[in-house]
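Asks: Pasting in a structure now, in structure tokens, and then I'll have a few things to ask.
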Amino acid sequence: MIRFLFLAVAFTLAFSSCTHKKSTDESAKTPKPNIIIVYVDDLGYGDVGCYGATGVETPNIDKLAAGGVKFTDAHCPSSTCTPSRYSLLTGEYAFRNNAAILDGDAPLLIDTAKVTLPDILKRAGYKTGVVGKWHLGLGSGNLNWNDSIKPGPLEIGFDYSFLIPATGDRVPSVYVENYNIVGLDPNDPVQVNYKVKVGDWPTGLERPDLCKQIADTQHAGTITNGVPRIGFQSGGKAALWVDEDMPDVLVQKSKDFIAASKDQPFFLYLAYHDIHVPRVPHQRFVGASTMGPRGDAIAQMDWCTGEIIKCLEELGIANNTLILFSSDNGPVLSDGYDDKAIEMLGNHKPAGSLRGGKYSTFEAGTRVPTIAYWPSAISPKESKALLSHIDIYASVAELVGQPLTQGEGVDSKALLNAWLGKNEQGREFMLEESFAMGLRMGSWKYIPASNSWSGWIDNKKKIESGVSPVVKLYNLDTDISESNNVAEANPQIVSQMDSVLRAIVPASFLK
Ligand code: NG6
Ligand code: CA
């Protein structure tokens, strides 16, 4: 009997996160759905099965697409991370705050007085949490990582946070939960510097022999867990993350948040590290794809997504949860580490038929897999609506019955019916932020002439910036790969789109 009791208790504990008794807030009784934004890092338009991937299988994401709205023309706001996330959470163009890729010791980018997406949801009675990659800065400059780490997510609307502070390839290589580094030994304080080496931990430049993957010079700072990073760190040894365990850690923290929040509406912003560099998947995913670490990281990320769906189903709240699945920017193969992403690509097309990739103003910079899944409210379909993640702010506000007041989400458009697949009326004009700026109008894509830069992002990446001294206009209906510049033949459209672009973006960003 005692043995039976012990087993019963052990069983209950082992499954405690997600197999609690069924929640009472099934769809019919709760007007406000739980909302989970699953934000993948650097996932390209062609990188998952339901969007044509060939080198890796993604059954869990395909399941979301088969049961939800699969968007074919939805975009992250920018072709890099920090600006996209800034726009997602504020409903405001990133250029308004000069948002660019941040170092790992940058201060919080979002003004704490700004009303953010999680603020809106809190106003509607939601519990709000963020788990995963942050990359929006922490503190207010000269942050002491051993003290209370703020301001951060908790000052801009989140009730709970568990963070990779910047990126996986930037120090500090530690998790921050709410205000503190997880597992920090006070006798071994963390120091971070992005200019000069601190402490005596070896760098990738000094000791390439200690590295699991060799990196370029920008990524050859301090080595932690055998991976050289951008920036320098010393201290915090007991708190260092293990890259291979990241998916399990992030999934568990998400499950814990979901389980603890299941009796009220909740909002979870789940921002994976995958498939950003360094790509160091867990041993059980090594070889899961034919493409080496980059493909294996996609398989790992798909597994994580499956775990989240399973957790919702086990709690009985899946029907009443809206999952928005997407990526913060387009794909990149080589992004600083020698992980054989180029060599092992095979026939897989990370951007599908699109031109460009991460960092680029061509379509692949921002057009990314985007799925809305909400079993009790969404019927499966494919949608051609032109949408930007910047519109999630106002659309979600509409969903939860929160009218926006002046200054809230100023660039965000309420397009709820398009997001839910009830119609395909997306944006009339859509800005694609990048090193240059692109503008969409229906199937037209316009990129103004720029003298600032042109050609490749760099030789190794082989991604075209999209920036050049030539005015570019493409008709994506007939030319999805942006290969035929029809600007000269369509001066009126060029002139109309140029005026619209200049009305949105200040001249200083259009040089
Ligand atoms: C770049 C890094 C790149 C990646 C990127 C941010 C170099 C040369 N490259 O500066 O490896 O970290 O920043 O990626 O340092 S993002 O997805 O977060 O925007
Ligand atoms: Ca990214």
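The values are calculated or read from the model by the stated rules, or taken from the named source; none is laboratory data. Bear in mind that the values here come from a model prediction, so they are computed numbers and not experimental data. Please note: Cβ atoms are built from the backbone with ideal geometry, for glycine as well, and neighbour counts cover all protein chains shown. Protein only, heavy atoms only, side chains kept; ligands, DNA and RNA dropped before computing areas. Shrake-Rupley method; radii C 1.70, N 1.55, O 1.52, S 1.80 Å.
Asks: Sort 486-494, 472-480 for me by packing, meaning the mean count of neighbouring Cβ atoms within 10 Å per residue, highest on top.
Replies: So the order, starting with the most tightly packed, is 472-480, 486-494.
Asks: Please report, to two decimal places, log10 I(q)/I(0) for segment 163-314 at q = 0.11, 0.16 Å⁻¹ as given by the Debye formula with identical point scatterers on the Cα atoms and no solvent.
Replies: Here the Debye-derived log intensity ratios amount to -0.47, -0.92.
Asks: Within the set of other residues whose C-beta is less than 12 Å from the C-beta of residue 472, count the net charge using Lys and Arg as +1 and Asp and Glu as -1.
Replies: Residues near residue 472 contribute -4 overall.
Asks: By how many nm would the segment from residue 470 to residue 425 grow when fully extended, if each residue of separation counts as 0.36 nm and the alpha-carbon distance is taken off?
Replies: 13.1 nm
Asks: Then there is this: Give me the aspartates and glutamates in straight-line cross-link reach of residue 262: C-alpha distance below 17 Å, same-chain residues under 8 apart excluded.
Replies: 25, 26, 159, 307, 313, 314
Asks: How many nm is it between the label spots at residue 263 and residue 417, if each spot is 7 Å from the Cα in line with the beta carbon?
Replies: Here the answer is 3.8 nm between the modelled labels.
Asks: So what is the relative contact order for the chain, in percent, with contacts set as C-alpha pairs under 8 Å and at least six apart?
Replies: It rounds to 23 percent for the chain.
Asks: Would you work out the relative contact order for segment 108-232, in percent, from Cα pairs under 8 angstrom that are 6 or more residues apart?
Replies: Averaging sequence separation for qualifying contacts and normalising by length gives 20 percent for segment 108-232.
Asks: Once neighbouring chains are kept in place and the probe is 1.4 Å, which whole percent of the accessible area of the chain is contributed by carbon and sulfur?
Replies: The nonpolar share, carbon plus sulfur, comes to 53 percent.
Asks: Can you tally the net charge around residue 508? Count Lys and Arg as +1, Asp and Glu as -1, for every other residue whose Cβ sits under 13 Å from the Cβ of residue 508.
Replies: Residues close to residue 508 contribute a combined charge of +3.
Asks: Let me ask another. Once Rh for the chain is found with the Kirkwood sum over Cα pairs, what is the Stokes-Einstein diffusion coefficient at 10 °C and 1.306 mPa s, in µm²/s?
Replies: It diffuses with D of about 68 µm²/s by this estimate.
Asks: Now for a separate question. With +1 assigned to the C-beta of every Lys and Arg and -1 to the C-beta of every Asp and Glu, and no other charges, what is the dipole magnitude of segment 74-216 about the Cα centre in debye, to the nearest 20?
Replies: It works out to roughly 500 debye.
Asks: Once fully extended, how much extra length lies between residue 353 and residue 398, figured as 0.36 nm per residue of separation less the alpha-carbon to alpha-carbon distance?
Replies: 12.8 nm
Asks: Then there is this: Which GluC sites (Glu not before Pro) in segment 361-444 pass both tests, a DSSP loop state and at most 13 other beta-carbon atoms within 10 Å?
Replies: 428
Asks: At 7 Å along the Cα-to-beta-carbon direction for both residue 113 and residue 179, put a label point, then send me their distance in nm to one decimal.
Replies: Inter-label distance under the simple model: 2.3 nm.
Asks: Would you compute the Debye intensity of segment 100-202 from its alpha-carbon atoms alone, equal scatterers and no solvent, and pass along log10 I(q)/I(0) at q = 0.11, 0.20, 0.22 Å⁻¹ to two decimals?
Replies: So the normalised log intensities work out to -0.34, -1.02, -1.21.
Asks: Return an integer: the convex hull volume of the alpha-carbon atoms of segment 456-511, in Å³ per residue.
Replies: Looking at segment 456-511, the number lands at 111 Å³ per residue.
Asks: On to the next question. Got a sec? Which residues in segment 211-235 would a label at residue 200 touch, if it sits 7 Å along Cα→Cβ and we count backbone N under 13 Å?
Replies: Flagged as within label range: 235.
Asks: Something else: FRET efficiency for residue 382 and residue 124, Cβ-Cβ distance as r, R0 = 41 Å, nearest 0.05?
Replies: That gives a FRET efficiency of 0.85.
Asks: Here is a follow-up. Taking every DSSP beta bridge that has both residues in the chain, what percent is antiparallel when rounded to the nearest 5?
Replies: 50
Asks: Take the Cα pairs of segment 164-215, get the Kirkwood Rh, then feed it into Stokes-Einstein at 37 °C and 0.692 mPa s and tell me D in µm²/s.
Replies: 254
Asks: Once the piece of chain linking residue 238 and residue 286 is laid out straight, how much longer is it, given 0.36 nm per residue of separation minus the C-alpha distance between them?
Replies: 14.7 nm
Asks: Using the Cα centre of the chain as origin and beta-carbon charges of +1 (Lys, Arg) and -1 (Asp, Glu), tell me which of 465, 225, 375 is placed farthest towards the positive end of the dipole.
Replies: 375
Asks: Any idea how far apart residue 210 and residue 343 come out in nm if each label point goes 7 Å out from Cα toward Cβ?
Replies: Output for this residue pair reads 2.5 nm.
Asks: Turning to a different aspect of this structure: Take the eigenvalues of the Cα gyration tensor for segment 58-119, scale each by 5, and report the square roots as semi-axes in whole Å, largest first.
Replies: 28, 14, 12
Asks: Along the charge dipole of the chain, pointing to its positive end and built from +1/-1 on Cβ of Lys, Arg, Asp and Glu, which listed residue (480, 501, 442) has its Cα farthest out?
Replies: 442
Asks: Another one. If the only charges are +1 at each Lys and Arg Cβ and -1 at each Asp and Glu Cβ, what is the size of the charge dipole of the chain around the Cα centre, to the nearest 20 debye?
Replies: Dipole about the Cα centre, nearest 20: 580 debye.
Asks: If you count only protein heavy atoms and use a 1.4 Å probe, how large is the accessible surface of residue 463, to the nearest 10 Å²?
Replies: Here the accessible area works out near 10 Å².
Asks: Can you tell me the dipole magnitude for segment 332-485 around its Cα centre, using point charges on the Cβ only (Lys, Arg +1; Asp, Glu -1), in Debye to the nearest 20?
Replies: 240
Asks: Take residue 484, project a point 7 Å from its Cα along the Cβ direction, then tell me which residues of segment 330-364 have their backbone nitrogen under 20 Å from it.
Replies: What the label zone holds, given the 20 Å backbone N cut-off, is 353-356, 362-364.
Asks: In addition: Given the pairs 133/358; 195/462; 381/422, which are separated by over 20 angstrom at their Cα positions?
Replies: From 133/358; 195/462; 381/422, over 20 Å: 195/462.
Asks: Mind checking the per residue accessible area of the chain for me, 1.4 Å probe, whole number of Å²?
Replies: With all protein chains present, the chain gives 38 Å² per residue.
Asks: Hey, how many Å between the Cα centroid of segment 474-498 and the Cα centroid of segment 147-170?
Replies: What the calculation gives is 42 Å, centre to centre.
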